[in-house]
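Take a look at the structure below.
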Amino acid sequence: MNRLISFSLALLGFLALAGTWYIESKQPQRSGTLHLSALDAAVNVHFDERGVPHIQAQSELDAYRAFGYVHAQDRLFQMEIMRRLARGELSEILGQKTVKFDRLFRTLRLYQHAQQYTQTLDLESAPVQALQAYLDGVNQFQEQGPAPLEFDLLNITPRPYTIEDTISIAGYLAYSFAAAFRTEPTLSFIRQELGEDYLKIFNLDTPSQGALPQLALNSHDWTQLKTIAQVSQEALFNAGLPQFEGSNAWVMDGSKTTSGKPLLAGDPHIGFSVPAVWYEAHLQAPNFELYGHFQALNPFALLGHNHEFGWSVTMFQNDDLDLIALKINPDNPQQIWHNNAWQDLDIQTQWIVIKDQEPEKLILKRSAYGPIINEIINMQAPTTPIAMWWAFLETENPVLEAFYELNRANTLKKARKAASKIHAPGLNILWANADGDIAWWAAAKIPIRHHSAQPAFILDSQSAASQKRGFYPFSDNPHEENPARGYIVSANFLPASPKKIPLPGYYNPIDRGAQLAKQLGQPGIYWNSLNTQTVQLGERTDYGQRVISPLLNDLIAAAATAEEQTLVQQLGQWQGDYPVDSYLPSLFTEFSYQLLKAAMLDELGENFFQNLLRTRVIDSALPLLAASADTPWWNNHISGTQQTRQQVVTQAWQAALSHLRSTLGEDPSQWHWGNAHTLTHTHPLGQQKPLDSLLNVGPFAAPGGHETPNNLSSGYSSAPWAVEYGPSTRRIIDFATPEHALGINPLGQSGVRFDRHYADQAKAYMQGQYFQQHLAEEDIKQHTQSTLILNPQ
């Protein structure tokens with residue numbers, strides 16, 4: 001028996017040692033010496049207390065090659081999973097459950113577009129040379145460094161990363177902006193099946209013009225379209241990868257700041273994931289320096305600053321995607337009517353490799369209007385083919401050149417020129433420099449549509465509304481340079497159009513932007529890095545009262561007990577703040593969902609109702625629904641019963657209370673926002689046990705909420721609420737002392753499990769803390785924790 005116990009203990013000890021060795025073998029190397037081929041000279045990489053690499057090189061190409069190496073050792077699996085998603089190759093490693101995502105992204109032809117785009121590049125140009133050097137560094141790490149844990153779990157065979165992979169991922173990120181793909185089928189369904197009276201709460205101009213004729217689609221078409229919209233949502237929210245949702249950013253000139261120099265603040269709102277969205281790195285070479293925030297497989301920062309200038313981005317949210325119903329040849333389903341003739345479709349056959357299964361066949365069809373999208377999931381021929389026209393696929397879009405130049409844009413002229421080269425997706429570029437200039441450009445190629453077009457609906461290819469007549473010049477886009485008021489705010493609202501060009505899109509309500517503008521525009525207030533943090537971390541919005549105020553009398557009538565009357569009174573006086581220790585945000589959020597459900601589910605059915613809740617238009621529609629006493633949405637569509645707003649509000653109120661009591665407890669004081677509203681950072685493999693416990697980070701009680709400046713948001717649903725997106729970083733740069741810029745990563749620099757930088761900033765982020773982003777030479781020396789020297793081979 002003693003021998004058996006001794007053997008068992010020895011075996012456990014051996015397994016523990018083997019496990020420790022395995023974990024240690026996967027960790028990034030941040031000290032010592034390594035050799036890289038193609039370096040011209042040694043590169044020093046100093047890692048600070050947060051694991052941020054400060055790369056000091058003798059040439060730009062050496063800096064980019066070293067950056068590729070250290071980026072890959074921290075984030076190689078993120079690079080791999082994102083390129084597979086964009087290329088439609090997830091099923092090769094994840095199996096049958098991701099085939100629908102592969103079908104979707106192959107239909108979008110992101111990789112094929114990337115291949116064609118790459119053929120147009122000048123391989124000797126500075127941006128392409130920099131990208132190739134970076135990818136060379138990534139590939140050298142993949143060849144000589146340890147494979148990530150996830151590669152072992154999924155049995156991934158490494159293969160080189162290419163320029164096409166970088167462009168494919170750019171396409172995925174652009175797609176995550178494309179709200180029209182999920183919105184237009186739902187609004188078109190409402191118009192055809194319910195009528196235009198139901199569209200009034202969506203505040204659409206001339207809703208009928210240019211849209212597909214009513215009764216043009218049948219039940220089979222609608223089934224396919226709602227499935228496409230649903231898969232589109234799942235591809236963004238269920239894949240564990242970042243998608244762009246919104247953002248805050250503002251710039252102030254010296255007249256509004258304590259220092260007398262411009263101040264830049266920004267916090268792009270993006271889906272949370274493991275690893276975090278951004279990778280921070282500081283690149284230094286002769287005549288070039290930038291502290292940047294980088295995406296996977298992209299060496300050019302999408303956010304950045306140095307001693308001279310800096311910029312942030314928000315989503316423009318212009319509608320650059322149209323769904324177009326085609327006329328098919330009844331005698332030949334492989335032809336559609338275009339330019340007064342039957343035109344053959346471009347048809348390709350591909351095979352989707354599926355782990356542990358036989359490959360599946362995929363037939364891709366493309367028309368002159370774009371790819372046909374409504375038969376990709378079940379491969380059944382639609383009655384009415386729907387094509388997708390998308391500016392990302394239809395413009396030259398020199399996005400590599402644009403951000404290469406923006407990374408070096410120290411003057412207004414240079415920044416304006418760089419912004420003009422961003423064609424899709426639409427971005428707001430907010431920029432400032434130490435010389436005192438501030439500016440904003442809505443960067444996008446805005447299509448010139450026919451005056452009859454209402455692109456919120458599926459368009460008819462046989463009408464003029466489906467036609468495009470080129471694009472407006474960049475000079476016509478909304479923009480401001482050094483405005484007299486001294487500040488510029490961007491928060492995803494519809495911007496003014498000085499040149500009066502149409503700006504259709506899926507913009508956020510004005511509340512968040514108006515609140516920021518009101519705070520920043522206060523006379524006599526001068527801004528610095530400290531009081532700017534208070535604005536960025538704001539937990540208050542006027543949106544809630546815009547919903548509650550017109551319903552207050554109905555809520556008073558709905559309150560059945562003294563306790564409920566007290567709750568209604570408190571809700572009516574609520575200031576719209578979302579601290580973790582308040583129960584009013586929980587009550588409002590649950591009631592909002594139950595009101596939408598009681599009003600809309602009977603008309604839309606479960607699938608279209610859920611699709612609508614995932615669109616941006618619902619945020620604008622909810623206050624208009626609440627304010628409309630006679631909208632047909634109050635009626636019961638299934639039974640044909642006429643109902644009043646009062647009846648529906650009562651139903652929603654009682655349903656909200658019932659759910660909160662059963663979920664969070666009988667006592668409303670137990671409904672604290674922090675108990676019900678939490679953030680868990682989810683790894684792409686962390687949606688199944690036991691990997692969730694190994695790879696995910698959280699949960700954390702989450703302050704803030706939908707359309708507050710601290711925009712930690714979840715979709716419309718019942719409690720509890722899992723935060724899906726929010727500030728992907730928070731940055732504040734005062735150009736009097738840019739070397740003391742502040743920032744935070746929601747999670748950590750590293751994507752390597754058990755590395756100390758895997759989640760070392762997660763708690764600080766939730767507590768609203770900031771860290772200095774080291775730019776000055778002396779600060780870098782003082783905060784260097786280790787140094788890795790990369791020598792030529």
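Going through Ser463, Ser490, Ser475 one at a time, which residue ends up being free of Cβ contacts under 8 Å to residues at least 60 places away in the same chain and of a type in the set (Gly, Ala, Ser)?
On the way: Ser463 fails: free of Cβ contacts under 8 Å to residues at least 60 places away in the same chain; Ser490 fails: free of Cβ contacts under 8 Å to residues at least 60 places away in the same chain.
Selected residue: Ser475, the only one of Ser463, Ser490, Ser475 that is free of Cβ contacts under 8 Å to residues at least 60 places away in the same chain and of a type in the set (Gly, Ala, Ser).
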Reported set for the stretch 307-320 where residues are of a type outside the set (Ser, Thr, Tyr), in a strand (DSSP E or B) and touching a Pro at 6+ places or on another chain (Cβ under 8 Å) is Gly310, Val313, Met315, Asn318
Of these, Trp351, Trp337, Trp342, which one is at pLDDT 95 or above and either under 26 Å from Ser188 (Cβ atoms) or over 32 Å from the mean Cα position of the chain (by Cα) (or both)? Trp342
Taking the stretch 748-793 as the region of interest, how many residues are closer than 27 Å to Met79 by Cα and in a helix (DSSP H, G or I)? 5
Exactly one of Ala381, Ala415, Ala325, Ala368 is in contact (Cβ under 8 Å) with a residue 24 or more places away in the chain and touching a Ser or Thr at 6+ places or on another chain (Cβ under 8 Å), and that residue is Ala325
Of Leu612, Leu587, which residue is surrounded by 17 or more Cβ atoms within 10 Å (Cβ to Cβ), within 30 Å of Arg191 (Cα to Cα), of a type outside the set (Phe, Trp, Tyr) and under 31 Å from the mean Cα position of the chain (by Cα)? Leu612
Of the residues that make up the stretch 438-451, is at least one surrounded by fewer than 19 Cβ atoms within 10 Å (Cβ to Cβ), touching a helix residue (DSSP H, G or I) at 6+ places or on another chain (Cβ under 9 Å) and charged (D, E, K, R)? no
Pull out all pairs, ordered by first then second residue, where Cβ-Cβ is under 7 Å, the residues are six or more apart or on different chains, the first lies in the stretch 756-774 and is at positive phi, and the second is buried (at least 16 other Cβ atoms within 10 Å of the Cβ). Gly768/Leu537
Is it true that Gln284 is polar (S, T, N, Q), assigned to a strand (DSSP E or B) and in contact with a helix residue (DSSP H, G or I) (Cβ under 8 Å, 6 or more places away or on another chain)? yes
Does Arg106 fit the bill of being at pLDDT 95 or above, among the basic types (Lys, Arg) and in a helix (DSSP H, G or I)? no
Glu481 passes all but one of the listed conditions (1) crowded, with 22+ Cβ neighbours inside 10 Å; (2) within 20 Å of Asn433 (Cα to Cα); (3) not hydrophobic (A, V, I, L, M, F, W, C); the exception is number (1)
Restricting to the stretch 398-435, name every residue that is of a type in the set (S, T, N, Q) and in a loop (DSSP other than H, G, I, E, B). Asn407, Asn410, Thr411
Does the stretch 171-184 contain at least one residue that is farther than 30 Å from Leu297 by Cβ, modelled with pLDDT under 95 and surrounded by 15 or more Cβ atoms within 10 Å (Cβ to Cβ)? yes
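Looking at this structure, is Pro509 of a type outside the set (S, T, N, Q) and either surrounded by fewer than 21 Cβ atoms within 10 Å (Cβ to Cβ) or assigned to a helix (DSSP H, G or I) (or both)?
Numbers: of a type outside the set (S, T, N, Q): yes; either surrounded by fewer than 21 Cβ atoms within 10 Å (Cβ to Cβ) or assigned to a helix (DSSP H, G or I) (or both): no.
The answer is no for Pro509.
Go through the stretch 247-273 and report how many residues are of a type outside the set (D, E, K, R) and crowded, with 24+ Cβ neighbours inside 10 Å. Talk me through it step by step, then tell me what you get.
To start, the set of residues in the stretch 247-273 that are of a type outside the set (D, E, K, R) comprises 247-252, 254-255, 257-260, 262-266, 268-273.
From what is left, the residues that are crowded, with 24+ Cβ neighbours inside 10 Å are 247-252, 262-266, 268, 270, 272-273.
Number of matching residues: 15.
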Hey, Ala381 hits all of (1) at pLDDT below 95; (2) touching a strand residue (DSSP E or B) at 6+ places or on another chain (Cβ under 7 Å); (3) within 30 Å of Ile446 (Cα to Cα) but one; which does it fall short on? (3)
So Glu89 clears everything in (1) over 21 Å from Leu685 (Cβ atoms); (2) at pLDDT 95 or above except one condition, right? Which one? (1)
Selection within the stretch 536-591 - outside any helix (DSSP H, G or I) and aliphatic (A, V, I, L, M): Leu537, Ala559, Ala560, Val580
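The values are calculated or read from the model by the stated rules, or taken from the named source; none is laboratory data. Remember, predicted model here, so these are calculated numbers, not experimental data. Every residue, glycine as well, gets a Cβ built from its backbone with ideal geometry; the counts of neighbours run over all protein chains shown.
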